[in-house]
Amino acid sequence: MPRILVVDDDAAILKLVSVILARAGHEVRTSSHPVEALDLLQVFTPELIISDVVMPYMTGLEFLEEVRKHERFASLPFMLLSSHAERGDVRRGMNLGADDYLPKPFTPGDLTTAVDARMRRAGLGQQVGSSMEARGLGTSQVLWKGVAVQWVSRKALELFFYLLEHKDVSSWEAAEALWPEKDEARASSLFHTTLHRLRKSLDGEAVSSSNRRYTLSPDLNPEYDVHRFELLAGQADQNRLGLEELRELIGLYGQYLPGVDSPWADEVRNRLEQKVLGILSLAAGLAAEAGRAKDAAQFYQRSLSIDPLSEADWDGLARALENVGDPRARLAVRREAWWMSDLD
């Protein structure tokens, strides 16, 4: 599914473009502020950026200049949205490296035709499968150049994700985290064996070391679904996501590294669990305000499946079910988790 980043300070335009492109089969991420979009690019690599020209704080042209400063975005297709009065800016944008522009106002057909044409042209010279993708939510998988990595050992995979989470660590910090039950000498030995296996699974330069501290090579630059989830969760906290975007964000969540049994992984699970509970609360509140009681009930129920002791979620579930005349409201009042056996 082609990925597109849309940047525009006009919420109506942002929503319109997002809906049109999503219906056309694209994975769309939006941002109302170019600086925020630059942060998003750290964890989300699109195949096309669409940006308005006139925006406060940073114009679309300044945003384009910042994007082009990064080597991995030097040839990333970039399309400008412009009104007639901004055509001079468009010429400047093309000189700065923009690939195309779409004049306002535009129809859905205008947009999809322009995007499809640009994607086809970009595909002629685009290298497929050149990036690394690390998936830790609901799975434990790393894709490199489009192919799943075959790990020499399960601990090598765990060490990879530990380095993703902690960036720069000493050999002892990693050994203590991954083998807390072992004595120092044994844990250190296991660390170096596992490090060798990690490098063997990827390549010899996958992990850099200096002064007995270790970090993943910056050349790998993996897209990490946890970073992406947390960045979007931060936008949710700032009330920048609508109900459908929150629903999509909730769908990204899953148990972190299932099958990995280490205290450090439990800490990540707890951190992510608190974030998704906050997102579920926001989504339930927005659904209730919009008169979508059934949706609100589903969000409250999902939250209670994670934290069955939340009184606020039980009360919200009972209210939502009462609003739609669902007889299970009385079960919610009694704090009976019927969905453990009845998932409907």
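Model label sites at HIS70 and ARG91, defined 7 Å from Cα along the beta-carbon direction, differ in position by 3.1 nm. For the chain, the relative contact order comes to 11 percent (Cα pairs under 8 Å, sequence separation of at least 6). Here r is the Cβ-Cβ distance between SER189 and GLN255 and R0 is 35 Å; the resulting FRET efficiency, rounded to 0.05, is 0.70. Calculated accessible area for the chain comes out at 51 Å² per residue, all protein chains present (probe 1.4 Å; ligands, DNA, RNA ignored). Per-atom-type breakdown for the chain gives carbon and sulfur 49% of the accessible area (1.4 Å probe, protein chains only). With a threshold of 24 Å on the Cα-Cα distance, the over-threshold entries among LYS155/LYS182; LYS155/LYS200; LYS145/LYS167; LYS15/LYS104; LYS167/LYS200; LYS69/LYS200 are LYS69/LYS200.
One decimal place: the segment THR45-ARG269 gains 78.2 nm when fully extended, by the rule 0.36 nm per residue minus the C-alpha distance.
When the helices of the chain are scored as -39500 (n - 2.57) per DSSP H run of n ≥ 4 and the total is divided over every residue, the value at 222 nm lands at -16000 deg cm²/dmol. Computed from phi, the 3J(HN,Hα) profile of region 265-274 under the Karplus parametrisation 6.51, -1.76, 1.60 (θ = phi - 60°) reads 5, 4, 5, 5, 4, 5, 4, 5, 4, 5 Hz, with x in place of Gly and Pro.
The values are calculated or read from the model by the stated rules, or taken from the named source; none is laboratory data. Keep in mind that what you see is a predicted model, and the values were worked out from it rather than measured. Every residue, glycine among them, receives a Cβ derived from its backbone with ideal geometry; neighbour counts consider all protein chains shown. Keep in mind that these areas ignore ligands, DNA and RNA; they rest on the heavy atoms of the full protein, side chains included. Shrake-Rupley method; radii C 1.70, N 1.55, O 1.52, S 1.80 Å.
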